[in-house]
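The values are calculated or read from the model by the stated rules, or taken from the named source; none is laboratory data. Note that the structure is a prediction, hence the values are computed from the model and not measured. Here Cβ is always computed from backbone atoms with ideal geometry, including for glycine, and neighbour counts include all displayed protein chains. Just so you know, the surface numbers come from the protein's heavy atoms only, side chains and all, with ligands and any DNA or RNA stripped out. Shrake-Rupley method; radii C 1.70, N 1.55, O 1.52, S 1.80 Å.
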Amino acid sequence: ALERAGVLFKIADIIDKHQDELAELETLNGGKPLREAKYDIADTANCFRYYAGLITKPSGQTVDVPAPSVSSIVREPIGVCGQIVPWNYPLLMSAWKLAPALAAGNTCILKPSEYTPLTAMRLAELLQEVGLPEGVVNIVTGAGPTVGMPLAESKLVDKIAFTGSVRTGKIIAQAALGNLKKVTLELGGKSPMIVFKDFDLDTAVDYALFAIYCNAGQVCSAGSRMIVEESIYDDFVKKMAERAKKIRVGPGMDSDTEMGPLVSEQQMNTVLNFIDIGKKEGARLVTGGERLEGEKYGKGFYIGPTIFADVKPDMRVVQEEIFGPVVVVQKFKDEEHAIEMANNCD
C-alpha cells in the first residue's frame, strides 16, 4: 500500500511539473481555452494526490455475528478495469478513473476519445518515467465501436467505467452483461438552475454564464436550463443576453479567449441542428444561434453563446441534452412550481 501511495504521489508531482506542456497539448488537441486547460491539469494532479492519501487509510470492517462465527469485510482489487473517457475533459477524466483504480491495486486499460488522445499518450510516457510497472496502465486508442466495445464485452475485463452519452452508456451496460462485470456510468444531463427574486440578479447572471458557457457548454453537468421567477424573468433574460454578447470567443491559445470552439465539426452540426429545432418549435432566440465565421475563426467550429427564452416544457431544447453553448430560460410562479419544472426532465 505504501509503495502504491508513493507511485501515485510521484504521478501527481510529474503532472505538476509538466502542467504547462499538458495544458497546451489539451488546448491544441481539443480547442479548450488555455486558461481552462490549466485548471484541468492542476485538478488532474490533485486527483492523483487525493487517492494516494486514501491508500493507507484502514478499510477493513468486522461485523458482529453469533459465536463461534467471525465475519469480516476486506477490500480487495476487482482486477482488470476497462476505462473509456470522453473528449471534453480528456486528462482529468482519465485521472478520475485511473487514480482510484490504481489506489485500490487494480490494473487498467484506458481508452481516450479518438478526438483528444494526445494528453493520454503523453501521460503514458510520464507514467513510465515515475516507474509504474509495465502493464499496470495500458492505453489503447481508436473509435468506440472498434476499441470501446471489445473492451466492454471482453470476459478478461472485470470492471468497465464509461463517461459519455446516455445512448452509448446503455450500449456499454448491455455489453458488460457477458461476464456480469461491474459497471460505472457517468452520463449526460440537463441540469436546472433556479433563480428566486430575492437573490442578487447580477450574481445569478454571472453564475448562469459560467454554468453554461464554460468549456463551450460541453459539460455533462452544464447549467443548460435556467428556471427564473416570473417577476424578474424579463430583467434576467435581458442582462444575461447583454453579458453573453460580450463573451470573447476565439482560439484556445489566445490569452484573451473566454470561450473556445466546439471539439469537432460533427459536434458543431449537432448543436446547430438543435438550434434549428428550437426555432421551429417556437422558442424565442434572444442571442447567438449561429456559427461564427471570419478571419478570426478560420475553419474552427465556433458557435456564439446562445439563449432561448419563452420555451415550453415539452420542447426538445428543454428536454434533451445539447452539449453546447445553448441555454433555455423558463419562468416559474412559486417554489412548488419551480421544483416541478426542475424535475420535469428525463
Number of positions in the range 48-76 that are open to solvent by less than 70 Å² (accessible area, probe 1.4 Å), over 16 Å from residue 2 (Cα atoms) and part of a loop (DSSP other than H, G, I, E, B): 2
Unique residue being without any contact (Cβ under 8 Å) to a residue 60 or more places away in the chain, touching a strand residue (DSSP E or B) at 6+ places or on another chain (Cβ under 8 Å), within 30 Å of residue 325 (Cα to Cα) and open to solvent by less than 30 Å² (accessible area, probe 1.4 Å) when the list is 112, 86: 112
Restricting attention to the range 180-202, which residues are open to solvent by 50 Å² or more (accessible area, probe 1.4 Å) and not aliphatic (A, V, I, L, M)? 182, 184, 186, 192, 196, 197, 198, 199, 200, 202
Under 15 Å from residue 327 (Cα atoms) and of a type in the set (Gly, Ala, Ser) - does that describe any residue in the range 253-272? no
Which residues, counting only those in the range 272-312, are open to solvent by 60 Å² or more (accessible area, probe 1.4 Å) and part of a loop (DSSP other than H, G, I, E, B)? 290, 293, 295, 296, 299, 310, 312
I'd like the full set of residues that are of a type outside the set (D, E, K, R), touching a Pro at 6+ places or on another chain (Cβ under 9 Å) and part of a helix (DSSP H, G or I), limited to the range 8-46. 27, 29, 30
For a quick check of your reading of the model, give me the residue pairs whose first member lies in the range 25-36 and is open to solvent by 30 Å² or more (accessible area, probe 1.4 Å), whose second is in a loop (DSSP other than H, G, I, E, B) and polar (S, T, N, Q), with beta-carbon atoms closer than 6 Å and at least 6 apart or on different chains. 29/116
Would you please list the contacts, defined by Cβ atoms under 6 Å and residues six or more apart or on different chains, that run from a residue in the range 51-68 that is in contact (Cβ under 8 Å) with a residue 40 or more places away in the chain to a residue that is assigned to a strand (DSSP E or B) and open to solvent by 60 Å² or more (accessible area, probe 1.4 Å)? none
Is there a residue in the range 3-10 that is more than 30 Å from residue 299 (Cβ to Cβ), touching a residue at least 40 places away in the same chain (Cβ under 8 Å) and open to solvent by less than 20 Å² (accessible area, probe 1.4 Å)? yes
